[in-house]
Amino acid sequence: MSAVFDFKPDPNAASPLYMQLAQSLAQAIRDGVFHADEALPSERVLAEQLELSRVTARKAIDRLVEQGLIIRKRGSGNYIAPKLEQPLTRLTSFSEELHQRGFVPGSRWLLRGFTPAAPDEQLSLELKSGERVARLERLRLADSVVMAYEVSVLPQSVLPDPQKVEASLYSHLGDRAPVRALQHIRALNADAKLAGLLEVPLGAAVLFITRVGYLASGQAVELTHSYCRSDYYDFVAEMRRE
């Protein structure tokens, strides 16, 4: 246990001991006492070092797993979950953002192919009725942890062979990648399909992001819908008073 972490139970608190411990650990994680992918002591060691029962330690860890702050790796132990703080003033790909923050990005592909454009896709990408689009559906991973479910749609002229897209869409597009984008963010609750894909409880809060990317010429070349785990994502915007 890190010497910086100091837990002192409050005997007068209304919350049970395991909740106090969970709250204290959660605050330590948010304060950076523990870092992403760092292993926590086992429940036995945690109980011994803090002079608590193993039941209390286990219930506290269970609570943090439910909140997405800790992930359990079978046969390995408990680890601090990755957290992605993404600025809203810079246009980067998922892979670029993770590389910059020291994570290993990954994808679990669900679909790479062509489909007819849906009405909203025709509108966003300024396509004609019946026009086909390249469609990319995948789970986005950070250090093997599922962070988001993502659906990207591009005109066939921009992405003629979606099977060739590997880790980063923007790297594959090169000079055809967007240089600016409009992005809308709102919250929604995960339905059964989304909960299964993101490995979250049914009804869990999810950040739903719609982004339309444009070339310098003003041509819309990308429509991406991202469903991000709210326990792993923070979006940060800097504002200035004129």
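The values are calculated or read from the model by the stated rules, or taken from the named source; none is laboratory data. Since this is a predicted model, take the numbers as computed values, not measurements. Because the Cβ atoms are built from the backbone with ideal geometry, glycine has one as well, and the counts that use them run over all protein chains shown. Remember, those area values only see protein heavy atoms, side chains included, never the ligands or the DNA or RNA. Shrake-Rupley method; radii C 1.70, N 1.55, O 1.52, S 1.80 Å.
Annotations for the structure displayed:
- Accessible area per residue was computed with a 1.4 Å probe on protein heavy atoms; Asp6 scores about 100 Å².
- Those lysines that a straight Cα-Cα span of less than 22 Å connects to Lys8, excepting residues fewer than 8 apart in one chain: Lys59
- Mean Cβ neighbour count within 10 Å, used as a protection proxy, ranking 141-150, 50-59 highest first: 141-150, 50-59
- Per residue, the accessible area of segment 143-242 comes to 53 Å², computed with a 1.4 Å probe over protein heavy atoms only.
- Relative to the current alpha-carbon distance between Ala195 and Leu111, full extension at 0.36 nm per residue lengthens the span by 28.4 nm.
- Size of electric dipole in the chain: Cβ of Lys, Arg +1 and of Asp, Glu -1, about Cα centre, debye, nearest 20: 320
- Which labelled figure in (1) 12.9; (2) 20.9; (3) 16.9 is mean projected area of the Cα convex hull in nm², once derived from the coordinates: (3)
- A dipole drawn for the chain from +1 and -1 charges on Cβ atoms has a positive end, and of Leu136, Leu125, Met147 the residue lying farthest that way is Leu136.
- Relative contact order [Cα under 8 Å, 6+ residues apart], the chain, whole percent: 16
- Fluctuation leader among Leu202, Leu154, Leu69 - the chain, Gaussian network, Cα springs under 10 angstrom: Leu202
- Taking all Cα pairs closer than 8 Å and separated by 6 or more residues, the relative contact order of segment 95-175 comes to 30 percent.
- Rounded to the nearest 10 degrees, the inclination of helix 17-30 to the longest alpha-carbon principal axis of the chain is 50 degrees.
- Mean-square fluctuations from a GNM of the chain, with a 10 angstrom spring cutoff on Cα atoms, peak among Ala216, Ala190, Ala13 at Ala13.
- Between segment 184-242 and segment 13-58, the Cα center-to-center distance that results, in Å: 31
- Sequence-separation-based contact order of segment 27-77, relative, with Cα cut under 8 Å and 6+ spacing, percent: 28
- Percent carbon-and-sulfur accessible area, the chain, ignoring ligands, DNA and RNA, probe 1.4 Å: 50
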